[in-house]
Amino acid sequence: MRKFITVCLAFLLLQSPAVAETFAITGAKIVTNEGAIIEEGTIVFDDKKIIAVGKTTSVTIPDTATKIDASGKWVTPGLFLPFSQVGMVEVAAESSTNDTRSKDSPFSAALLAADSFNPKSENVGITKIEGITRMAILPVASRTIYGGQGALVNTSGDFRSISNNAAFIYVQMGETGARIAGGSRSASWLWLRQSLLEAKAWRKGREPAKPLLNSADAFALQNALKKDLPFLVRVNRASDLLALIDFKSDFGDLNIVAVSAKEAWMVADELAEADITLIIDPHDNLPSGFEALGATMYNAVRLHEAGVKFAIANLGDGSFNARLMPQHAGNTLATGLDWDTAFAAITKVPAQIFGEGDNLGRLSSGMIADIVVWDGDPLEVMSAPDLVFIAGQKQDMTSRQTRLRDRYLTVGDKNSLPFAYR
């Protein structure tokens with residue numbers, strides 16, 4: 001009988017979930033995104049959620065917690081990259097590794113970026129060790145103005161790192177959208193309006209005689225409209241942004257996010273009134289085309305002064321240098337933007353755009369424990385993360401770049417490998 005009981009207890013222990021590891025980061029300067037920075041703060045979290053955060057003197061640390069002394073360091077929420085193709089391309093010029101566009105596919109709006117995402121991509125690891133824990137990834141528009149459906153992913157490198165495989169729709173307008181749709185902005189705006197009207201009315205077996213959309217694309221758009229998913233629309237010219245405001249109104253206040261918006265400062269008051277959030281690259285101040293003649297480094301600060309909410313991304317390279325997002329945010333301080341707004345634009349605001357504001361982008365009890373420990377101010381170009389936690393899991397801080405660095409630092413007489421292998 002005793003042997004039977006022992007076997008049963010052993011079986012039950014094997015079936016019990018592992019005890020969650022608890023961490024306590026102490027003595028840090030903590031940015032919660034919920035008010036003033038906490039000096040000499042402590043944050044306690046387990047393998048999923050934040051348990052407590054506050055002044056060290058007011059936070060109780062469990063006896064079982066692993067303590068991390070972060071004196072002199074900064075602790076922030078994980079950065080949220082709101083626009084990228086990280087993990088969708090390995091070598092841009094090698095088509096077999098580039099899944100960012102599908103110009104020969106009969107589908108557009110139905111395409112899922114998640115199906116192209118490789119969590120083991122070298123670019124994912126490189127991006128993670130720069131403090132970015134979450135990303136919105138999306139396909140590029142090619143055959144129609146619709147790129148497809150974007151996904152929300154984390155940068156852990158785990159195979160199950162996709163949290164939402166159909167989180168938003170990407171639409172290309174402006175000069176590029178005009179070219180795709182038939183040669184003019186008139187064609188692209190009509191294409192957009194008509195395609196959404198067609199999707200709203202679409203019924204299987206009752207499709208229009210000559211539809212703009214195939215059934216897969218129509219269903220994808222219809223589903224996005226039902227769920228009120230964000231439509232990320234890329235435009236730059238001020239007049240295109242005004243057209244976007246009218247479009248949003250015509251479709252019952254569609255959930256619109258304007259991307260790039262280089263001339264947004266010209267119509268900032270109208271954007272604020274229409275409650276349109278932007279994803280901008282404040283460092284991209286050159287007139288790359290006729291639609292961006294009004295590009296300026298002061299776009300961000302002028303938008304903020306008008307009450308427009310925006311997120312920041314490196315829109316010039318969404319694949320390989322998306323990790324420079326905090327540097328682009330830091331540049332806005334030189335134009336007069338305050339630190340809190342610049343940092344929120346790479347953490348809290350992206351989380352809000354994609355409906356994750358209650359889970360990510362802030363450090364508060366009950367939120368997902370995406371946490372970064374920095375050796376200095378995260379908006380300073382010389383600062384870097386010391387530790388990254390994604391959902392409470394401590395991350396490996398190596399990448400292909402760090403491994404190459406370490407490999408060639410050891411070149412010399414003490415390295416026993418033949419020179420070609422060092």
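Which of (1) more than 13 Å from Phe389 (Cα to Cα); (2) touching a strand residue (DSSP E or B) at 6+ places or on another chain (Cβ under 7 Å); (3) in contact (Cβ under 8 Å) with a residue 24 or more places away in the chain does Ala20 not meet, given it meets every other one?
Result: Ala20 passes all but (2).
Can you find even one residue in segment 144-155 that is assigned by TED's automatic domain parsing to the domain that holds Lys348, under 22 Å from Gln393 (Cα atoms), buried (at least 24 other Cβ atoms within 10 Å of the Cβ) and small (Gly, Ala, Ser)?
yes
Here's a check for you: in segment 73-91, which residue that is in contact (Cβ under 8 Å) with a residue 12 or more places away in the chain and either surrounded by fewer than 24 Cβ atoms within 10 Å (Cβ to Cβ) or among the hydroxyl-bearing types (Ser, Thr, Tyr) (or both) is nearest to Val44 (Cα to Cα)?
Here the residue is Thr76.
Can you tell me which of Val349, Val388 is surrounded by 13 or more Cβ atoms within 10 Å (Cβ to Cβ) and in a strand (DSSP E or B)?
Val388
So how many residues does segment 65-102 have that are of a type outside the set (Lys, Arg), more than 22 Å from the chain's Cα centre (by Cα), under 25 Å from Asn359 (Cβ atoms) and not in a strand (DSSP E or B)?
Of the residues in segment 65-102, 2 are of a type outside the set (Lys, Arg), more than 22 Å from the chain's Cα centre (by Cα), under 25 Å from Asn359 (Cβ atoms) and not in a strand (DSSP E or B).
For segment 188-228, which residues satisfy the criterion of being under 25 Å from Glu175 (Cα atoms) and hydroxyl-bearing (Ser, Thr, Tyr)?
Passing the criteria: Ser188, Ser195.
Would you check if Val308 is in contact with a strand residue (DSSP E or B) (Cβ under 7 Å, 6 or more places away or on another chain) and over 25 Å from Val86 (Cβ atoms)?
Yes: the conditions hold for Val308.
Just to be sure before I move on: is Asp275 without any contact (Cβ under 8 Å) to a residue 24 or more places away in the chain and in the same structural domain as Ser186 (by TED's automatic domain parsing) in the structure I sent? It would help to see each step written out before you state the result.
Numbers: without any contact (Cβ under 8 Å) to a residue 24 or more places away in the chain: yes; in the same structural domain as Ser186 (by TED's automatic domain parsing): yes.
When the stated conditions are applied, Asp275 passes them.
Closer than 20 Å to Ser161 by Cα, of a type in the set (D, E, K, R), at pLDDT 95 or above and not in a helix (DSSP H, G or I): does that describe Glu380?
Details: closer than 20 Å to Ser161 by Cα: no; of a type in the set (D, E, K, R): yes; at pLDDT 95 or above: yes; not in a helix (DSSP H, G or I): yes.
So Glu380 does not fit the description; no.
Can you give me the number of residues within segment 356-372 that are touching a residue at least 12 places away in the same chain (Cβ under 8 Å) and part of a loop (DSSP other than H, G, I, E, B)?
Residues meeting the conditions: 11.
The values are calculated or read from the model by the stated rules, or taken from the named source; none is laboratory data. This is a predicted model, so every value here is computed, not measured. Every residue, glycine as well, gets a Cβ built from its backbone with ideal geometry; the counts of neighbours run over all protein chains shown.
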